[in-house]
Amino acid sequence: VQLQASGGGLVQPGDSLRLSCAASDRTFSSYVMGWFRQAPGKEREFVVAFSLSGGSTYYADSVKGRFTISRDNAKNTVYLQMNSLKPEDTAVYYCAARQRPSSAFLVSSYDYWGHGTLVTVSS
């Protein structure tokens with residue numbers, strides 16, 4: 001599956017932004033989706049993901065209560081709603097897809113990655 005993330009940009013602290021990730025595969029609903037991010041000079045880190053069953057979501061502590069993941073299988077798209085953005089949220093955000101019953105938190109669990117979209121939070 002090919003993934004295309006979009007929606008990044010430059011925003012001020014406290015602003016909101018919604019990222020989208022469109023998938024090319026019509027079997028999109030069979031993929032477990034997640035979002036990761038990578039700040040300059042840092043390793044890629046987990047942000048949020050659905051559970052394998054899709055019935056639960058997992059959030060990094062740093063974004064809990066501010067970010068929300070959702071998906072629209074009819075549009076083959078997963079979203080990341082980001083509210084109350086902070087400068088430390090500045091990063092390239094990547095959507096990722098997996099089908100294996102592996103940990104939702106690990107980069108290595110995901111087989112497919114989008115190219116990323118840059119989010120910059122600065123006043």
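The values are calculated or read from the model by the stated rules, or taken from the named source; none is laboratory data. The structure presented is a predicted model; accordingly, all values stated were derived computationally and were not measured. All Cβ positions, even for glycine, are placed from backbone atoms using ideal geometry, and neighbour counts span all protein chains on display. To get the accessible areas, we keep the full protein, side chains included, count just its heavy atoms, and leave off ligands, DNA and RNA. Shrake-Rupley method; radii C 1.70, N 1.55, O 1.52, S 1.80 Å.
Residues that are in contact with a helix residue (DSSP H, G or I) (Cβ under 9 Å, 6 or more places away or on another chain) and not hydrophobic (A, V, I, L, M, F, W, C) were ranked within segment 46-74; the one that is nearest to Asp15 (Cα to Cα) is Arg66.
Using the structure shown, decide if Leu85 is in contact with a Pro (Cβ under 8 Å, 6 or more places away or on another chain), modelled with pLDDT of 95 or more and of a type in the set (A, V, I, L, M).
So Leu85 fits the description; yes.
Select from segment 92-113 the residues that are open to solvent by less than 10 Å² (accessible area, probe 1.4 Å) and out of contact with any Ser or Thr (no Cβ under 9 Å at 6 or more places or on another chain) and list them in ascending order. Within segment 92-113, just Ala97 meets the criteria. Arg26 meets all of the listed conditions (1) assigned to a loop (DSSP other than H, G, I, E, B); (2) in contact (Cβ under 8 Å) with a residue 24 or more places away in the chain; (3) surrounded by 12 or more Cβ atoms within 10 Å (Cβ to Cβ) but one, namely (3).
For segment 51-91, enumerate the residues that are touching a residue at least 60 places away in the same chain (Cβ under 8 Å), open to solvent by 10 Å² or more (accessible area, probe 1.4 Å) and not in a loop (DSSP other than H, G, I, E, B). Full working, then the answer.
Keep residues of segment 51-91 that are touching a residue at least 60 places away in the same chain (Cβ under 8 Å), which gives 79-87.
After this cut, where a residue has to be open to solvent by 10 Å² or more (accessible area, probe 1.4 Å) as well, the list is 79, 81, 83-84, 86-87.
Correct list: Tyr79, Gln81, Pro87.
Of the residues making up segment 93-120, those that are over 13 Å from Gln4 (Cα atoms) and outside any loop (DSSP other than H, G, I, E, B) are Arg98, Val107, Ser108, Ser109, Val119, Thr120.
On the phi > 0 side of the Ramachandran plot and not acidic (Asp, Glu) - does that describe any residue in segment 101-110?
Scanning segment 101-110, I find no residue that is on the phi > 0 side of the Ramachandran plot and not acidic (Asp, Glu), so the answer is no.
In segment 1-15, the qualifying residues are those that are among the polar types (S, T, N, Q) and within 17 Å of Val78 (Cα to Cα), and the one that is least open to solvent (accessible area, probe 1.4 Å) is Ser6.
Tally the residues that are surrounded by 15 or more Cβ atoms within 10 Å (Cβ to Cβ) and either in a loop (DSSP other than H, G, I, E, B) or at pLDDT 95 or above (or both), restricting the search to segment 34-50. Counting residues in segment 34-50 that are surrounded by 15 or more Cβ atoms within 10 Å (Cβ to Cβ) and either in a loop (DSSP other than H, G, I, E, B) or at pLDDT 95 or above (or both) gives 10.
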